[in-house]
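Peer 1: Please find one structure pasted underneath; my questions will follow.
The values are calculated or read from the model by the stated rules, or taken from the named source; none is laboratory data. Predicted model, so just to flag it, every value in this text is computed and none were measured. Note that we place each Cβ from the backbone using ideal geometry, even for glycine, and neighbour counts take in every protein chain shown. All accessible areas refer to the heavy atoms of the entire protein, side chains included, with ligands and DNA or RNA removed. Shrake-Rupley method; radii C 1.70, N 1.55, O 1.52, S 1.80 Å.
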Amino acid sequence: MIKIIYSETAHDAGIRGAEVISEVLASKKNAVLGLATGSSPVGMYTELIRRYNAGEISFAEVKSVNLDEYVGLSADHDQSYAYFMHHNLFDHVDIKEENTNLPNGLAADPVAECARYDAVVASMGGVDIQVLGIGNNGHIGFNEPDTHFTKGTGLVNLTDSTIDANARFFEKREDVPTQALSMGVGQIMEADKILLLAMGRGKAEILERALFGDVTPSVPASILQFFKGEVIVSADKEALSVILEKHPEAVTR
Ligand code: F6R
């Protein structure tokens, strides 16, 4: 079941997202969180930090697995996803460092690193909630449009569209890594619950295609239509603009 929650602003959509995570933590203090990076979840992480500081939630027993990491960036590179997670969440809450997990972008043998990460994810005994953003091309994690859906963690060649989209975070486009390690679509689909965050007009067309179009590996996020549990989509009005036009009845205000 897909529940699409409307927010007037990206800020509000982030707060809605934090509410969903907080509910999971309230029912299971040792929850396993599947986490994402990028612009979409930043506001949600800010709100989670606020709730932590207000004594409303704790991450003391939480474990986390992140979706992906760039190949070639060390954890202290300011554009690595490890750095992002520390800066945007981990350093500000009581999560234990040893309970946080990301693929190692500097691993000498990326294939072995994918196998190691698959084992890490499996050892969690199930992800309670997986946070996702959606790429302009419909990717989830770094699972780019393809002829098949990926299963486990893999070494991915980033498409030009993803490199273009992420160039905004780097000094120049050439600095954007061309490869990443990413959890697979099959692995993402094993979570108990999914929280998809989408903000801004740039996501409006792809979000509609993913949630209402054909289920196809050329739009990886479309597989979420087949998710066994609840997919909660927290999005702002810009990202929902096409859905509001074509499927207004599907949106919860
Ligand atoms: C990030 C990730 C990506 C992003 C997607 C959207 O860990 O896996 O799939 O969620 O590229 O990025 P933003 O939110 O920056 O538009």
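Peer 1: Six or more apart or on different chains, Cβ atoms under 8 Å: show the pairs whose first residue is in region 198-218 and open to solvent by 50 Å² or more (accessible area, probe 1.4 Å) and whose second is among the polar types (S, T, N, Q) and within 12 Å of the ligand (Cβ to nearest atom).
Peer 2: Pairs that qualify, where the first residue is open to solvent by 50 Å² or more (accessible area, probe 1.4 Å) and the partner is among the polar types (S, T, N, Q) and within 12 Å of the ligand (Cβ to nearest atom), are GLY202/ASN136.
Peer 1: Just wondering, is there one or more residues in region 124-135 that are loosely packed, with under 14 Cβ neighbours inside 10 Å, more than 10 Å from the ligand (Cβ to nearest atom) and not in a helix (DSSP H, G or I)?
Peer 2: Yes: region 124-135 contains one or more residues that are loosely packed, with under 14 Cβ neighbours inside 10 Å, more than 10 Å from the ligand (Cβ to nearest atom) and not in a helix (DSSP H, G or I).
Peer 1: Still on this structure: Of THR159, THR153, which residue is β-branched (Val, Ile, Thr), open to solvent by 30 Å² or more (accessible area, probe 1.4 Å) and touching an Asp or Glu at 6+ places or on another chain (Cβ under 7 Å)?
Peer 2: Answer to the selection: THR159.
Peer 1: Taking helices (runs of 4 or more DSSP H) that fall entirely within region 137-229, which contain at least 2 residues that are away from the ligand (no atom under 15 Å from the Cβ)?
Peer 2: In region 137-229, 204-212 are the helices (runs of 4 or more DSSP H) which contain 2 or more residues that are away from the ligand (no atom under 15 Å from the Cβ).
Peer 1: OK, next. Take the residues of region 62-86 that are without any contact (Cβ under 8 Å) to a residue 40 or more places away in the chain and part of a loop (DSSP other than H, G, I, E, B): which is nearest to the ligand (Cβ to nearest atom)?
Peer 2: Result: SER80.
Peer 1: For ALA13, state whether it is at pLDDT 95 or above, within 16 Å of the ligand (Cβ to nearest atom), open to solvent by less than 30 Å² (accessible area, probe 1.4 Å) and farther than 20 Å from ILE188 by Cα.
Peer 2: For ALA13, the condition - at pLDDT 95 or above, within 16 Å of the ligand (Cβ to nearest atom), open to solvent by less than 30 Å² (accessible area, probe 1.4 Å) and farther than 20 Å from ILE188 by Cα - is met.
Peer 1: Going through region 36-79 one residue at a time, which ones are under 21 Å from ALA115 (Cβ atoms), buried (at least 18 other Cβ atoms within 10 Å of the Cβ) and touching a strand residue (DSSP E or B) at 6+ places or on another chain (Cβ under 9 Å)?
Peer 2: Across region 36-79, the qualifying residues are LYS63, SER64, VAL65, ASN66, LEU67, ASP68, GLU69, TYR70, VAL71.
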